[in-house]
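Here is the structure we will look at, set down as structure tokens.
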Amino acid sequence: MRIRKQIGKGKTELVNGELELLKFSLLRLELGEEFEESLGREELGIILLSGKLLISAQGKEFALGPRQDVFSDKAWGLYLPGNLDWKAKAFEKTELALCYAPGPDHGEIQLVKPEQLAVHERGKDHFQRKVMDIMVNEVQAKNLLIGETFNHPGQWSSYPPHRHDHHNPPAEYKLEEVYLYKLNPPQGFGIQRIYNDSRSIDQALVVEQNDLAIFKEGYHPVVAAPGYSLYYLWVLAGPVRIMKVVDDPKHAWVHNI
């Protein structure tokens, strides 16, 4: 499922009710603007997509940024447990991803700086990509797993196609997921495929700047159009916070190329 909305100033909800666990919004602030929110029993992963700001919570202040954009600088992240109030003040034009899932009603706020990110070079040939873990092993969350993937022009990622929609430990753990896409240059596009083994789901979606895709089930490989770098923020949540996926057996052989 693809979600395409006009993103304005302030908070724009993109996912709220479509999934069991995840909610997702974008927050855009101009220089000097502020935003306040109260969290109930849900955790929040805040990812800086661009800009610079100060976040206040539990009597502490956390500076995030600067980040010119997702292609120029590494991410900053802030993990907030539930049952607290938080406030943001922008020091320049700023865009944040707000990633919500059921969480504890207490816990430790955790700041993730660019130098703390786990960086992985994955794939080969025509499915090379860079993956950055922001909130995987870097934070102790209840449900959320968050990171970024960077497709080179014309290259595939989430490839070989994999799924994580069955609870079959230890081989596979059920996780729902969303992707938020950005392109460089921004007028670019990619193709996102979503399919399952029975082909009761089999879609190819054109994804453009600030589109979002929801994955309740199925394999979900994505390719960038030639000439355009494709980025996506990935956010997962499940009943067990373990990322263990299963490759499509028809295509798993490409690991041995």
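The values are calculated or read from the model by the stated rules, or taken from the named source; none is laboratory data. Worth saying up front: this structure is predicted, and the values here are computed from it rather than measured. Ideal geometry is used to build each Cβ from the backbone, glycine not excepted, and the neighbour counts take in all protein chains shown.
Taken as a whole, the structure places LEU22 among residues that are surrounded by 18 or more Cβ atoms within 10 Å (Cβ to Cβ), out of contact with any Gly (no Cβ under 9 Å at 6 or more places or on another chain) and modelled with pLDDT of 95 or more.
Within the range 144-169, residues that are closer than 24 Å to TYR228 by Cβ and at pLDDT 95 or above reach partners that are hydrophobic (A, V, I, L, M, F, W, C) and in a loop (DSSP other than H, G, I, E, B) with beta carbons closer than 8 Å, at six or more positions or on different chains, in the pairs ILE146/VAL136; GLY147/VAL136; GLU148/VAL70; GLU148/ALA75; PHE150/PHE71; PRO153/ALA225; GLY154/ALA225; HIS162/VAL245.
The set of residues in the range 184-205 that are in a strand (DSSP E or B) and either free of Cβ contacts under 8 Å to residues at least 24 places away in the same chain or not polar (S, T, N, Q) (or both) comprises GLY190, ILE191, ARG193, ILE194, TYR195, ASP202, GLN203, ALA204, LEU205.
Each residue in the range 145-180 was checked for being under 28 Å from PRO114 (Cβ atoms) and in a loop (DSSP other than H, G, I, E, B), and 8 of them qualify. Restrict the check to the range 196-208 and report whether at least one residue is more than 25 Å from ILE46 (Cα to Cα), among the acidic types (Asp, Glu) and surrounded by fewer than 16 Cβ atoms within 10 Å (Cβ to Cβ). Yes, because at least one residue in the range 196-208 is more than 25 Å from ILE46 (Cα to Cα), among the acidic types (Asp, Glu) and surrounded by fewer than 16 Cβ atoms within 10 Å (Cβ to Cβ).
Collect the residues in the range 80-111 that are farther than 25 Å from PRO66 by Cα and buried (at least 21 other Cβ atoms within 10 Å of the Cβ), keeping them in residue-number order. Of everything in the range 80-111, those that are farther than 25 Å from PRO66 by Cα and buried (at least 21 other Cβ atoms within 10 Å of the Cβ) turn out to be ALA101, GLY103. When the residues of the range 33-59 are filtered to those that are in contact (Cβ under 8 Å) with a residue 60 or more places away in the chain and in a strand (DSSP E or B), the one that is surrounded by the fewest Cβ atoms within 10 Å (Cβ to Cβ) is GLU42. May I ask you to verify whether GLU108 is on the phi < 0 side of the Ramachandran plot, touching a residue at least 60 places away in the same chain (Cβ under 8 Å) and outside any strand (DSSP E or B)? Judged against the criteria, GLU108 is not a match. When the residues of the range 140-187 are filtered to those that are of a type in the set (A, V, I, L, M, F, W, C) and surrounded by fewer than 22 Cβ atoms within 10 Å (Cβ to Cβ), the one that is nearest to ASP247 (Cα to Cα) is ALA171. Would you please list the contacts, defined by Cβ atoms under 8 Å and residues six or more apart or on different chains, that run from a residue in the range 4-25 that is among the small types (Gly, Ala, Ser) to a residue that is assigned to a loop (DSSP other than H, G, I, E, B) and surrounded by fewer than 17 Cβ atoms within 10 Å (Cβ to Cβ)? From residues that are among the small types (Gly, Ala, Ser), the pairs are SER25/ASN16. Residues that are under 14 Å from the mean Cα position of the chain (by Cα) and either closer than 25 Å to SER72 by Cβ or among the hydroxyl-bearing types (Ser, Thr, Tyr) (or both) within the range 226-257 comprise LEU230, TYR231, TYR232, LEU233, TRP234, VAL235, listed in sequence order. When residues in the range 210-257 are screened for being assigned to a loop (DSSP other than H, G, I, E, B) and either closer than 21 Å to ILE191 by Cβ or out of contact with any helix residue (DSSP H, G or I) (no Cβ under 9 Å at 6 or more places or on another chain) (or both), 23 of them pass. With respect to (1) touching an Asp or Glu at 6+ places or on another chain (Cβ under 7 Å); (2) closer than 20 Å to THR94 by Cβ, the lone exception for GLU13 is condition (1). Can you tell me which residues in the range 15-70 are of a type in the set (Lys, Arg), over 28 Å from GLU115 (Cβ atoms) and touching a Phe, Trp or Tyr at 6+ places or on another chain (Cβ under 6 Å)? Once the filter is applied, which keeps residues that are of a type in the set (Lys, Arg), over 28 Å from GLU115 (Cβ atoms) and touching a Phe, Trp or Tyr at 6+ places or on another chain (Cβ under 6 Å), the range 15-70 yields only LYS23.
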